[in-house]
1. Could you work out the relative contact order of region 15-143? I mean the mean sequence separation of Cα pairs under 8 Å and 6+ apart, divided by the number of residues, in percent.
2. Based on the alpha-carbon gyration tensor of region 66-127 and its eigenvalue square roots a ≥ b ≥ c, which shape applies: rounded if a/c is under 1.5, prolate if not and a/b is larger than b/c, or oblate?
3. At 0.36 nm per residue, minus the direct Cα-Cα distance, what do Val29 and Tyr68 gain on full extension? Give it in nm, one decimal, please.
4. Might you report the magnitude of the Cβ-based charge dipole of region 15-143 about its Cα centre, with Lys and Arg at +1 and Asp and Glu at -1, to the nearest 20 debye?
5. Past the 22 Å Cα-Cα mark, which pairs from Lys47/Lys101; Lys47/Lys117; Lys81/Lys101?
Amino acid sequence: MFSVKRHQTDFDIDKSGHDPEELYHTTSVNLIVVARLQVEDHLCVTKGMFEIQRPGTMWIPLAVLRWYYAQSRENAVANIKCMYDNATWILRHMELNEKDKNRLKKLIRNSHKGIRKLQTTYIKDVNIVARLANMVSATTGDLFELPGSPKNKKVNRHNYFD
């Protein structure tokens, strides 16, 4: 699967309830789910795992489901921020081999595509769009660069902080 040496610095298992390996796995899965978001999709979080809710694909109206599970765009943005914070912690503090580090960096980069589509979904909510843009900006620095990737990237019109 992947090789992770246990590293407990700045990570309190009792406080978070996660084992570092479990945190790596959950964060990786959530990054993949975010990368697959499409315009008009909504993000639902159950037991720490992200799910995509697509309008028109469920027999119960999406608004009813989101109300029942107390899901909102504010919750989704908070959970996305937590996911990126976890990914940053993993890159800084866990002792991963280069293959796993590069895999996580690639997942972070791919997740930005889904974030841009989520920005399009919530385009009328300037606060949410700006918060999402800030998260993309915060996860595009040197720590997140893949080896051999070009330094000059095309500027996205939704990323206001570049």
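Each reported figure results from applying straightforward, stated rules to the coordinates on display, with no laboratory input. Predicted model only: the values in this text are computed from it and were never measured. Here the Cβ positions follow ideal geometry from the backbone for every residue, glycine too, while neighbour counts run over all protein chains shown.
1. Working: 116 pairs, mean separation 43.4, N = 129.
Relative contact order for region 15-143 comes out at 34 percent.
2. Numbers: a/c = 3.07, a/b = 1.94, b/c = 1.58.
Prolate.
3. Answer, rounded to one decimal: 11.6 nm.
4. Details: 19 positive and 13 negative charges, 80 e Å.
Here the size comes out at about 380 debye.
5. Values: Lys47/Lys101 25 Å; Lys47/Lys117 24 Å; Lys81/Lys101 20 Å.
Distance filter (> 22 Å) returns Lys47/Lys101; Lys47/Lys117.
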